[in-house]
Structure formats: C-alpha cells, structure tokens
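The values are calculated or read from the model by the stated rules, or taken from the named source; none is laboratory data. Just so you know, these numbers come straight off a predicted model, no measurement behind them. Here the Cβ positions follow ideal geometry from the backbone for every residue, glycine too, while neighbour counts run over all protein chains shown. Surface accessibility is based on the protein's heavy atoms, side chains included, excluding ligands, DNA and RNA. Shrake-Rupley method; radii C 1.70, N 1.55, O 1.52, S 1.80 Å.
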Amino acid sequence: MRQTKKNTGVANETGSASEYVFSLDGSSITIGRDSSCNITVLGVGISRIHARIHLQKPVPVIEDSGSSFGIMLNNQKVRKGGLNDGDLLSMGIAAFAVHRSGKQLVLRPVRLSPSTEQRIREQAPRDQIQIGRDSSNDIQINHPLVSRLHARAVRDVTGAYILTDLNSSNGTFVNGNPVQNIGLRNNDIIQIGPYRYFFLDGRFVQAEDCNRVKLEATGVCVRSRKAFLLDSVSFEINPGEFVAILGPSGAGKTTLSQALTGQIRLSSGAVYYNGLPLKRFFKAFSTSVGYVAQENLLHRELTVQETFNEQSVLRLPQDSSEVERLQRINEVMDLLGLHHAADRRISRLSGGEAKRVHIGIELLSSPTLLFLDEPLAGLDPGLIKRFMHLFKKISERGHTLIITTHVLEQLEQCDRIIFLQSGSLRFNGSAREIKEELGVESIAQVYELTKGELDHRGLQHTKRLPNKSRSVDQQIQAQDIKRLTLFRPKSASFSRQLSILFSRYSRILIRDTRNLLLLLLQPVLIAGLLALVFARDMNFLPLSFYFCITISSIWFGGMNSVREIAGEWLCFEREYRVGLSTAAYILSKLIVFGFLAIVQAMLFGACLFLVFVNIDRSPATMLLLMAGSFGGVLFGLCISAFSGNVRRAISWLPIVLIPQIFFSGILIPFDRMTVWGRVLSYCTASRPVFSLLKRTCFLDQSLWSLTQWQSLVCLYTGLIILMSAALWWRRNYTSSP
C-alpha cells in the first residue's frame with residue numbers, strides 16, 4: 001500500500017511497513033517517534049521529532065532536528081543534505097531507501113546491512129554470546145556498572161535465544177524490566193549498565209551512546225492536591241550538556257529535578273531518556289543516574305580516602321578487585337583534584353573540598369546523568385568559578401550534568417539555562433540568549449520581571465506545549481506525590497557490608513574523643529550522685545535504689561543512640577539506593593552501640609560495687625544492668641528511625657523514656673493499675689529488668705529460673721522489628737531530596 005504525506009502510520013524496526021510517498025509541493029514533513037510526525041518510527045535511537053524533510057524541487061532536503069544520534073546519508077553523518085535517487089537514509093536502527101519518481105519522493109523502509117551500520121556495532125550470530133567487563137567476553141563492556149561476567153545468551157535447540165543474568169551487581173534489563181532468565185525476541189531492547197543493545201535475528205546490535213544521553217521532557221505536570229507544582233513543562237537537553245535550572249524560591253526547581261530522575265510520579269506528560277520513556281525504563285536507568293543533594297552527606301570523622309574506599313565497595317560491582325576499585329578512586333580524585341587531601345578527615349576540609357568529595361561519591365559509578373541540587377550555595381565567588389569550570393569539565397567527558405541553583409555567577413559556562421516561574425517554563429536557552437531575548441543586562445534582572453512581562457518577552461522562545469493537563473485533571477482527584485519503583489543493585493555481600501559499617505561507626509565513635517569521654521564519664525557521675533542520695537554504708541539498700549539503677553542504665557543506652565538514624569537518614573537513603581542492606585545497617589548499629597552500652601553498664605556496675613558496701617555483687621546484677629542499657633539502645637534507635645530529624649527525636653525521647661518510671665511497678669503495684677496501664681507496662685524495659693533485679697537481690701531467686709526473661713526477649717525482638725518497619729515506612733512513604 002502506498003501512503004501520502006498525510007499518513008501517520010507507524011514504520012517499525014522489522015522493515016515490514018509499507019513505503020511512504022510524498023509530493024514535492026514545497027511543504028515539510030517530520031520523522032520521529034511522536035505520533036504527530038508524518039512518519040512515525042519506533043525504536044532505539046529515534047528522537048521524538050528526529051528530522052524534517054523539506055519537499056522542495058528539484059531535490060528534497062532532510063534536516064536534523066537536534067536528535068540524539070543524528071541522521072546518516074549513505075553512511076555519512078550529516079546535519080542537512082539533499083535526498084537523491086538511490087540514497088540510503090538511516091537514523092538509529094531505522095533505514096529508508098530513497099527513490100525519486102517525477103514529482104514524488106518515495107521512502108521505503110529497509111533493514112540495515114552490516115556494511116552500512118557505521119554508528120552501530122553488532123555481534124554476529126553464534127550459539128553462545130557472553131557479555132561483561134572481562135576481556136574474555138564475546139562483548140566486552142569496560143564500565144564501572146558492568147560486572148566481570150554480566151550476562152549470557154545461549155541458542156537452544158529451537159534456534160531461540162535465552163538471555164541469562166549471571167548474578168550481576170547492577171542487573172540485566174529487557175525492555176526496561178530486570179530479568180534473570182528470558183527468551184529473546186526480535187527488537188527486544190537489552191540494557192547492561194549504560195549500554196543499550198537491541199536483538200535482531202541472533203545479533204546484539206549496540207547503539208554507541210555510552211555516557212551520552214539526551215533527555216526530553218514533554219508536557220510534564222506534577223500536581224499535589226489542588227496545586228500544580230509543575231505545569232506543562234517541555235524541553236530537551238542534549239547529550240553531554242551542562243544545564244542550569246534557575247528560578248525564584250518555590251518556582252519548582254527541585255520538583256523538576258525529582259521528576260526528571262523518577263523520584264516523583266508525573267500527573268501527566270512524559271520524560272524520555274534517549275527516546276525511551278522513563279516511566280517504563282526507570283529501573284534500567286536508575287543505576288546510571290546520580291543525584292547530589294545540597295547538604296554534604298559525609299561522615300566528618302572519616303578521611304577522604306576512607307570515604308571513597310567504603311563507597312567504592314558499596315557502589316562498584318561485587319567482583320571488582322581491590323586494584324580496580326583503587327584505580328577508579330584515583331581517576332575520580334584526579335578529576336576533582338583531591339589527592340592532596342586523601343588522608344585528611346572530612347571535618348578538616350574546606351567547604352569546597354568537602355563538596356568535591358560529595359560529588360566524587362556519585363562519580364565513582366560514572367553515572368550517565370548527574371543532578372546537583374544547589375551545589376554552589378554558600379561558596380565564595382572564587383570557589384564558584386572553580387566549580388563551574390569543574391562542572392563544565394565533567395560534562396565534556398560525556399556526562400549530562402544538571403544543576404539547580406540561585407547563584408547567577410559564571411552562568412556563561414552552562415550550555416543551557418532553564419528558567420522556571422511558578423512551576424511553568426519561562427525560558428530555555430543560553431545565558432546570552434536569555435539576556436537578548438528578554439532585553440535585560442543581567443540574568444539577575446530576569447527575577448524582577450513579572451509573569452506578564454515574561455509572557456510578553458519570552459513566551460515565543462520557550463515554545464510551551466498547550467496545557468492539556470488542566471482539562472484532564474478536572475476529572476482526576478487530587479493525588480499525593482509518589483515515586484517510581486526503584487531498582488536496587490546487588491552491592492557487596494551482607495558480611496562485607498556489615499564489616500564496612502561496623503568499621504565506619506567504630507571509627508566515628510572512637511575518633512570523636514570528647515563525646516566518647518563524656519559517654520564514659522556518665523556512669524561514673526550517676527554513681528556519684530546515687531552516693532549522695534543513698535549512704536554508702538547502709539545496712540539495707542531499698543527497692544528504690546535498684547529502681548534508680550534500672551532507669552539510669554536504660555537512659556544511658558537511649559541517650560547514646562537516639563540521634564543515630566535521624567541524623568544520617570539522607571546518607572542511609574543514598575546508600576540504600578545503591579544496594580545497602582537494611583539488616584546490615586541495623587545490625588551494625590546494634591553491635592556498635594550495644595557494645596558501648598555494655599561498656600557503660602560495666603563501668604556503672606563497677607562504680608556501684610566500689611561505692612556501696614551492701615549492694616548485691618552477683619553477676620546477675622551486672623548482667624541486668626547490661627540488659628537495661630541495651631534496651632535503652634533499642635528504644636533510642638526506634639525513636640530515631642521514626643523521627644524526621646534529630647531535634648524531633650530528642651523531643652520524643654522523654655515521651656518514651658519517662659513511662660519507664662510510671663509503669664515499672666515502683667510507684668503503684670501492677671494489680672492496682674488500670675487495664676491500659678498494665679498493657680503499656682509490658683511495652684517498657686523497666687518492668688522486666690526491675691522485676692528481675694528485685695527477685696534476684698531481695699528474694700535470692702536464680703536469675704535463669706525466672707520467666708521475666710521471656711518478656712524481655714519478646715520486647716527487644718519487637719523493637720528490632722519495629723525499627724525495621726520504621727525504616728521501610730520512611731523509605732516508601734516520605735519524600736526526600
């Protein structure tokens with residue numbers, strides 16, 4: 001069937017579509033994946049509007065429309081060229097044979113032959129094809145996100161190919177979904193690290209776009225309740241561009257960054273990475289996207305080298321050798337100029353050096369796209385200039401780099417400026433163009449223009465798409481912002497992660513000498529205060545004494561741990577995204593702070609034994625002090641896990657620990673409490689610990705014969721489960737940068 005220029009049919013990758021016939025009448029037609037194009041072509045390497053053909057006499061002309069991979073005429077890349085009879089026109093994996101017949105142009109879809117695939121490398125058909133980082137693979141991909149032996153395709157007896165992921169760290173994806181074992185069909189898109197292949201007749205055809213991604217936003221709307229946070233935003237960012245997103249406070253800069261990285265769902269519109277819809281391919285791209293928050297998420301007591309060492313273990317494939325990790329660390333430190341500070345602690349770095357370390361953590365895995373949220377905040381003009389040059393250098397290496405900023409200096413370093421106001425795109429162009437287009441002398445003056453003035457001066461440049469979302473949203477109830485489902489890579493083994501985290505928190509604890517000395521001084525001071533209340537040579541120590549040491553031991557543990565998770569939540573979330581095990585994280589905290597609590601309890605017990613003559617000196621007393629202190633650690637970590645920040649956690653601590661006094665049984669017997677009072681008493685550590693102390697010290701009962709141990713074990717197990725649930729809830733139902 002022959003088709004006229006009004007045709008909007010689809011030509012697919014198999015070349016099975018009919019030919020396209022157009023009259024040379026001086027009009028223009030478009031080719032791309034968008035349904036509005038005259039020729040719609042679906043496939044990898046095809047931009048939304050890829051090219052435009054001017055149907056002029058005697059020779060029609062094709063012109064590239066800023067596509068990701070360009071257009072090829074007779075195996076030569078061109079920006080603009082005439083279409084002559086017999087030419088071969090190709091874009092991505094799609095190709096057309098050109099015929100001119102009288103006053104007509106005919107484009108006939110054809111399949112590319114190996115000799116003509118200049119921008120595409122392919123693996124010839126064979127019974128087994130192995131892909132990975134090692135040189136022994138049939139297809140070698142030398143990239144930090146690719147495992148040594150990543151995936152294997154095997155042809156079975158029927159001639160079909162079965163693709164198997166070889167337990168890779170960052171996964172193998174087919175058509176945007178992670179797979180373990182799957183049969184391949186023609187035109188399947190296979191993604192390994194930042195590389196994309198499409199499967200054609202037993203061949204792996206690879207588009208050569210490593211670390212080069214074109215980002216497209218089309219009619220992006222984000223709505224929360226009844227407010228539009230982003231309203232019909234559309235633009236394109238070319239591969240390797242350095243882009244600044246500007247706008248006044250509340251303009252939607254951070255929301256746009258989150259929308260472009262899949263951290264929030266769109267109310268309408270779409271985001272494309274190299275022509276692939278992010279909504280469908282988010283899991284495949286998530287490991288290739290880096291996000292640097294405004295706050296430096298670093299542990300101040302660690303050195304620069306220690307920070308990079310532990311992050312390389314978490315971020316690079318499990319099968320990376322020590323030499324490979326150190327090589328990658330050196331590459332990043334060379335790029336950022338950090339070798340001179342390798343052995344210095346983060347706390348002793350300048351603000352600029354600490355920011356470079358923070359950025360370097362994301363660069364370890366060589367992300368395709370790198371988003372930075374307010375990276376220039378608080379820097380002096382000299383540092384701003386150096387950082388802008390650094391960002392330009394990073395983008396020139398193939399990374400698409402996007403920053404949100406309020407800083408207006410050195411913006412000429414950016415390839416593109418995107419200016420937002422009230423969630424709408426007001427301008428999209430270079431720093432020079434924005435000043436010329438809006439008739440201002442400096443970008444700072446753009447902030448002073450009203451919405452009406454921006455519409456009058458800059459609307460023609462932004463080329464905003466019609467806002468289709470408002471009519472649709474009238475039928476949709478207000479929705480809360482949700483993020484897309486994250487793919488978590490396989491990081492280091494559980495034991496390796498536990499070892500790294502244990503070492504990290506131990507070093508942090510020990511190197512903060514002032515705080516450590518204060519923690520060890522606490523039990524000594526409390527024992528001294530008790531000596532002022534209870535006489536040292538009392539013949540009989542009352543129950544109130546054992547109650548006081550019970551509450552004191554619980555408070556030791558609670559005060560030590562209540563800041564931990566809340567204070568480093570953003571660090572945990574960042575590392576969770578690259579594969580950190582929640583179980584390893586929780587266990588490392590329990591080991592380090594549990595050990596500290598036990599040391600404090602032993603020191604407390606030793607001081608009590610030294611001060612009070614008639615205290616029960618049996619091992620049971622010391623063991624119960626340890627149990628109480630460890631219970632305090634669990635309560636503190638639970639509070640910290642549920643709290644959004646350290647101040648809130650500290651505010652909650654008395655609310656949780658004071659009931660340890662009320663429901664311990666010292667103020668009123670349990671049988672005289674209300675029903676709910678007795679229920680709450682089982683949720684305290686003071687009830688079983690104080691009861692065990694009372695029975696062993698006053699009734700001379702054997703500690704191991706008492707049933708209160710069961711209540712204590714159940715309570716502590718429940719607290720660990722509750723802590724895990726709190727981390728899960730905060731990861732999935734609270735927003736973060």
Filtered residue count, region 46-75, keeping only those that are assigned to a strand (DSSP E or B) and free of Cβ contacts under 8 Å to residues at least 24 places away in the same chain: 5
Filter result (open to solvent by 80 Å² or more (accessible area, probe 1.4 Å), under 30 Å from Lys253 (Cβ atoms) and assigned to a loop (DSSP other than H, G, I, E, B)) within region 698-737: Ser735
Qualifying residue in region 49-65 (condition: of a type outside the set (Asp, Glu), open to solvent by 20 Å² or more (accessible area, probe 1.4 Å), closer than 27 Å to Ser234 by Cβ and at pLDDT below 80): no
Leading residue by the ranking (modelled with the highest pLDDT) among those in region 369-401 that are open to solvent by 10 Å² or more (accessible area, probe 1.4 Å), over 17 Å from Cys571 (Cβ atoms) and not in a helix (DSSP H, G or I): Glu374
Extreme residue, surrounded by the most Cβ atoms within 10 Å (Cβ to Cβ), among residues of region 277-295 that are more than 12 Å from the chain's Cα centre (by Cα) and not aromatic (Phe, Trp, Tyr): Ala284
Selection from region 331-362 of residues that are more than 23 Å from the chain's Cα centre (by Cα), within 20 Å of Lys392 (Cα to Cα) and open to solvent by 60 Å² or more (accessible area, probe 1.4 Å): Asp334
Qualifying residue in region 73-82 (condition: at pLDDT below 85, among the small types (Gly, Ala, Ser) and either under 22 Å from Phe22 (Cβ atoms) or open to solvent by 20 Å² or more (accessible area, probe 1.4 Å) (or both)): no
Single residue of Leu298, Leu302, Leu266, Leu256 found to be at pLDDT 90 or above and either within 30 Å of Gly219 (Cα to Cα) or aromatic (Phe, Trp, Tyr) (or both): Leu256
In region 670-694, residue most open to solvent (accessible area, probe 1.4 Å) [restricted to those that are of a type in the set (D, E, K, R) and under 47 Å from the mean Cα position of the chain (by Cα)]: Arg678
Single match in Leu653, Leu667, Leu637, Leu603 (criterion: open to solvent by 50 Å² or more (accessible area, probe 1.4 Å) and either within 26 Å of Ala725 (Cβ to Cβ) or not in a helix (DSSP H, G or I) (or both)): Leu667
Test result for Ser224, farther than 22 Å from Ala270 by Cα, within 26 Å of the chain's Cα centre (by Cα) and hydroxyl-bearing (Ser, Thr, Tyr): no
Count of region 509-551 residues which are open to solvent by 40 Å² or more (accessible area, probe 1.4 Å) and touching a residue at least 60 places away in the same chain (Cβ under 8 Å): 13
The listed residue being more than 23 Å from the chain's Cα centre (by Cα), open to solvent by less than 60 Å² (accessible area, probe 1.4 Å) and polar (S, T, N, Q), out of Ser581, Ser561: Ser561
Test: residue in region 99-118 that is in a loop (DSSP other than H, G, I, E, B), modelled with pLDDT of 85 or more and surrounded by fewer than 18 Cβ atoms within 10 Å (Cβ to Cβ): no
Exclusive hit being over 12 Å from Val243 (Cα atoms), open to solvent by 10 Å² or more (accessible area, probe 1.4 Å) and either touching a Phe, Trp or Tyr at 6+ places or on another chain (Cβ under 7 Å) or polar (S, T, N, Q) (or both), set Ser422, Ser430: Ser422
Any hit, region 241-248, residues being open to solvent by 30 Å² or more (accessible area, probe 1.4 Å) and in contact with a strand residue (DSSP E or B) (Cβ under 6 Å, 6 or more places away or on another chain): no
Looking only at region 163-178, and only at residues there that are within 18 Å of the chain's Cα centre (by Cα) and under 10 Å from His150 (Cβ atoms), the one that is surrounded by the most Cβ atoms within 10 Å (Cβ to Cβ): Asn170
Exclusive hit being in contact with a Leu (Cβ under 8 Å, 6 or more places away or on another chain) and at pLDDT 90 or above, set Leu634, Leu653: Leu634
Near pairs, Cβ below 6 angstrom, 6+ apart or cross-chain, from region 561-580 (within 17 Å of Leu653 (Cβ to Cβ) and at pLDDT 90 or above) to any residue that is among the aromatic types (Phe, Trp, Tyr) and in a helix (DSSP H, G or I): Ser561/Phe593
Pick from region 640-650, criterion open to solvent by 30 Å² or more (accessible area, probe 1.4 Å) and not in a helix (DSSP H, G or I), ranking: farthest from Glu564 (Cα to Cα): Gly644
Condition check for Ala597: open to solvent by less than 10 Å² (accessible area, probe 1.4 Å) and without any contact (Cβ under 8 Å) to a residue 60 or more places away in the chain: yes
Counted residues, region 297-315 - those being within 15 Å of the chain's Cα centre (by Cα) and open to solvent by 10 Å² or more (accessible area, probe 1.4 Å): 2
